[in-house]
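**Student:** Okay, here's the structure, questions in a sec.
The values are calculated or read from the model by the stated rules, or taken from the named source; none is laboratory data. The shown structure was predicted, so the numbers you read here are calculated from the model rather than taken from an experiment. In this analysis, Cβ positions are derived from the backbone assuming ideal geometry, glycine residues included, and neighbour counts consider all displayed protein chains.
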């Protein structure tokens, strides 16, 4: 009888330890996602801070390109106001398109392309774009690890018990259909 009670207590203790370990792992994944999102947010803020300086530099050379400046400004405002991962991704698509237009305008002004301030801002923006891409990849990898832990047994049972704490997370995907197509090379 005593041996049976000891076995039951040991089994219950092992189940409790397993439960706590899985719960803590889910919490760690959830916190990693939050941290990764904050890292993206830092890089996006840096990007948003660079854009007005870039616009002002280009404006001095291409004052008659008002529509391009308005598009960049509007896209920046939309991105700053985004509240969800999906809205942020959509806003980033708009910013990328608007910046491509801005750089296309800059190509028409040789003096602007030689301007040190413009070149420095363009380089900083390019570096920031790379950091955003890396941070986005880390975020998406964190979401995948979290989803895997939530969907595998016994994590799915524990996540289901605490469904309010382990809510689904959205991937940060930038849709750029033109970039996904194979480039067409003609001679």
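**Student:** Do the conditions hold for residue 45, that is, is it under 21 Å from residue 171 (Cα atoms), in a helix (DSSP H, G or I) and out of contact with any strand residue (DSSP E or B) (no Cβ under 9 Å at 6 or more places or on another chain)? Reasoning before the result, please.
**Tutor:** Details: under 21 Å from residue 171 (Cα atoms): yes; in a helix (DSSP H, G or I): yes; out of contact with any strand residue (DSSP E or B) (no Cβ under 9 Å at 6 or more places or on another chain): yes.
The answer is yes for residue 45.
**Student:** How many of the residues making up the range 107-142 are loosely packed, with under 13 Cβ neighbours inside 10 Å and touching a residue at least 24 places away in the same chain (Cβ under 8 Å)?
**Tutor:** Residues that pass the stated criteria total 2.
**Student:** Let me confirm something: among 87, 56, 92, which residue is assigned to a helix (DSSP H, G or I), within 30 Å of residue 170 (Cβ to Cβ) and either without any contact (Cβ under 8 Å) to a residue 12 or more places away in the chain or touching a strand residue (DSSP E or B) at 6+ places or on another chain (Cβ under 7 Å) (or both)?
**Tutor:** Unique residue meeting the criteria: 87.
**Student:** Please work out which residue is farthest from residue 79 (Cα to Cα), limiting yourself to the range 143-169 and to residues that are without any contact (Cβ under 8 Å) to a residue 60 or more places away in the chain and in a helix (DSSP H, G or I).
**Tutor:** The qualifying residue farthest from residue 79 (Cα to Cα) is 157.
**Student:** Kindly establish whether residue 140 is over 21 Å from residue 43 (Cβ atoms), touching a helix residue (DSSP H, G or I) at 6+ places or on another chain (Cβ under 9 Å) and in a helix (DSSP H, G or I).
**Tutor:** When the stated conditions are applied, residue 140 does not pass them.
**Student:** Turning to a different aspect of this structure: Looking at this structure, is residue 33 surrounded by 18 or more Cβ atoms within 10 Å (Cβ to Cβ), closer than 26 Å to residue 171 by Cα and either at pLDDT 90 or above or touching a strand residue (DSSP E or B) at 6+ places or on another chain (Cβ under 6 Å) (or both)? Lay out the reasoning, then the answer.
**Tutor:** On the way: surrounded by 18 or more Cβ atoms within 10 Å (Cβ to Cβ): yes; closer than 26 Å to residue 171 by Cα: yes; either at pLDDT 90 or above or touching a strand residue (DSSP E or B) at 6+ places or on another chain (Cβ under 6 Å) (or both): yes.
Criteria met by residue 33.
**Student:** Out of (1) surrounded by 15 or more Cβ atoms within 10 Å (Cβ to Cβ); (2) part of a helix (DSSP H, G or I); (3) over 19 Å from the mean Cα position of the chain (by Cα), what's the single condition that is false for residue 61?
**Tutor:** With (1) surrounded by 15 or more Cβ atoms within 10 Å (Cβ to Cβ); (2) part of a helix (DSSP H, G or I); (3) over 19 Å from the mean Cα position of the chain (by Cα) applied to residue 61, the lone miss is (2).
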